[in-house]
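Below: one structure, written as structure tokens.
The values are calculated or read from the model by the stated rules, or taken from the named source; none is laboratory data. Quantities reported herein were computed from a predicted structural model and do not represent experimental measurements. Every residue, glycine as well, gets a Cβ built from its backbone with ideal geometry; the counts of neighbours run over all protein chains shown. Keep in mind that these areas ignore ligands, DNA and RNA; they rest on the heavy atoms of the full protein, side chains included. Shrake-Rupley method; radii C 1.70, N 1.55, O 1.52, S 1.80 Å.
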Amino acid sequence: MAKKIFWSDPYCTQLMAQVSKVSGAEIQLDATIFFAFSGGQESDHGTIGGLPVIAARKQERGIIYTLPDDHGCYVGQQVLIEIDWVRRYRLMRLHFAAELVLELFYQTLNGVDKVGAHIAQNKARIDFAWPQSIAPL
């Protein structure tokens, strides 16, 4: 399992890490700042070892990164991870805004249930279960 630096330092934009597993185009690292899609929030964009990350996905408690097929990475290799900071910062701001809206709903509508969410670079959405339109509120 990779040490997830993004939880303790969300402003970190570069990190040296070691490749811990390689399986075809997929690699795993011993540490990462590269967030993978989770809880409705989209993945970071960026590079690992100068190569574009095609996809990042959670698997159990780890993260698997898909690189181009000809990546050439090997277990033990030191690689530089770089994230697209503009995208990360937008995701962070929209995530925070969505959490504020969620808290307002919880305080205003007794028994409201959050049933989904999507946080993207340019917009955020929270889905609620409520028996009627909230427009009159």
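Just the number please: accessible area per residue for the chain, 1.4 Å probe, all protein chains included, in Å².
Accessible surface, normalised per residue, equals 60 Å².
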In segment 26-137, taking the dipole from +1 charges on Lys and Arg beta carbons and -1 charges on Asp and Glu beta carbons about the Cα centre, the listed residue (Pro68, Trp85, Leu102) farthest towards the positive end is Leu102
With label points set 7 Å from each Cα along the Cα-to-Cβ direction at Lys123 and Ile54, the distance between them in nm comes to 2.8 nm
Answer check: segment 3-73, Cα atoms, Kirkwood Rh, Rg/Rh ratio of 0.92
Quick tally, 1.4 Å probe accessible area for His71, His45, sorted with the most first, runs His45, His71
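Given the Cα atoms of segment 83-137, and with Rh set as the inverse mean 1/r over their pairs in the Kirkwood sense, what is Rg to Rh to two decimals?
That ratio equals 1.07.
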Expected field for Trp130, accessible surface area in Å² at 1.4 Å probe radius, rounded to 10, holds 80 Å²
Descending accessible area (1.4 Å probe), largest on the left, turns Glu99, Glu60 into Glu60, Glu99
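Placing unit charges on C-beta atoms (Lys and Arg positive, Asp and Glu negative, everything else neutral), compute the dipole magnitude of segment 65-135 about its Cα centre in debye, rounded to 20.
That gives segment 65-135 a dipole magnitude of about 300 debye.
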Relative to the chain, whose Cα atoms define the longest principal axis, helix 85-108 and its Cα axis are tilted in degrees, nearest 10, by 30 degrees
About its Cα centre, the chain carries a charge dipole, from +1 on Lys and Arg Cβ atoms and -1 on Asp and Glu Cβ atoms, whose size in debye to the nearest 20 is 200 debye
Under a 1.4 Å probe, counting only protein heavy atoms, Ser23 has an accessible area in Å², nearest 10, of 70 Å²
Accessible-area order for Val79, Val115, Val53, largest to smallest, probe 1.4 angstrom, reads Val115, Val53, Val79
Number of Lys pairs in the chain closer than 19 Å at Cα, excluding neighbours under 8 places apart unless interchain, is 6
Ratio for the chain, C-alpha Rg to 2.2 N^0.38 Å, reads 1.25
In whole percent, the fraction of accessible protein surface over segment 1-54 that belongs to carbon or sulfur atoms, probe radius 1.4 Å, stands at 54 percent
